[in-house]
1. Looking only at the stretch 125-171, which residues are in contact with a Pro (Cβ under 6 Å, 6 or more places away or on another chain) and either closer than 22 Å to Leu37 by Cβ or in a strand (DSSP E or B) (or both)?
2. In this structure, does Leu102 turn out to be part of a loop (DSSP other than H, G, I, E, B), more than 30 Å from Ile163 (Cβ to Cβ) and of a type outside the set (Asp, Glu)?
3. Can Phe139 be described as at pLDDT 90 or above, of a type in the set (Phe, Trp, Tyr) and over 23 Å from the mean Cα position of the chain (by Cα)?
4. Just checking: which of the strands (runs of 3 or more DSSP E) contained wholly in the stretch 1-77 hold 2 or more residues that are of a type in the set (A, V, I, L, M, F, W, C)?
5. As an exercise: evaluate Asp87 against (1) modelled with pLDDT under 90; (2) out of contact with any helix residue (DSSP H, G or I) (no Cβ under 8 Å at 6 or more places or on another chain); (3) outside any strand (DSSP E or B) and give the number of the one condition it does not meet.
6. Answer with yes or no whether Lys31 is more than 27 Å from Met141 (Cβ to Cβ) and basic (Lys, Arg).
7. Collect the residues in the stretch 1-17 that are within 12 Å of Glu45 (Cα to Cα) and of a type outside the set (Ser, Thr, Tyr), keeping them in residue-number order.
8. Looking at this structure, is Val50 among the hydrophobic types (A, V, I, L, M, F, W, C), over 15 Å from the mean Cα position of the chain (by Cα) and within 30 Å of Arg168 (Cα to Cα)?
Amino acid sequence: MPVYIKFRPTRVPYTEVGSGRVSYDDQGNPKLEEPLLYLFIPGLELDFWVKIEDRWMRVLTLAMDLELDAGLVVDNQNRLVPLLGQDSVKLSNIDVRNYELLGDDPQKLKELLPSLIGMALPMLTGSLQPIELPSVQGFVMEVMGIKGVGRRGDSPYYDFLTIWANLRFQP
């Protein structure tokens, strides 16, 4: 049975810059300690549509506030690699709407959402590919680090995202 999910933000998404602190385990695998980017999507609505008898029918709408915390690391090939941690996806103010066709209790559907996110996160992180840094007019940027700078008081947010890099000419 074909299913698709329509993402509808009902309010303006926004981002904040974090410290971007990353640690490495004994095998050299990065672990996100503090996010570099906080993406906030308040009032996100997910419409679940199912194709039944050649017609698309909306069977469920989940409304929520979503926060996605992400980091960036540079690999040994000078590519930016997106990094998500165990708690990178945070949901709040969850509301279930348009569930009548399912006939389930909306509270049970609400309780299922965190486990669905838990199942989907490995698929999401596996699909995130490294980002190649292109050369510009023969100049190649060798990234040394990416961090937030200019902490805002006691908050976890910073005023600026900084990239420390060397420029190398490569005709």
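The values are calculated or read from the model by the stated rules, or taken from the named source; none is laboratory data. Fair warning: this is a prediction, and the values are worked out from it, not measured in the lab. In this analysis, Cβ positions are derived from the backbone assuming ideal geometry, glycine residues included, and neighbour counts consider all displayed protein chains.
1. Leu128
2. Taking the combined requirement at face value, the residue satisfies it.
3. The answer is yes for Phe139.
4. 3-9, 37-52, 55-74
5. (3)
6. For Lys31, the condition - more than 27 Å from Met141 (Cβ to Cβ) and basic (Lys, Arg) - is not met.
7. The answer is Ile5, Lys6, Phe7, Arg8, Pro9, Arg11.
8. It is false that Val50 is among the hydrophobic types (A, V, I, L, M, F, W, C), over 15 Å from the mean Cα position of the chain (by Cα) and within 30 Å of Arg168 (Cα to Cα).
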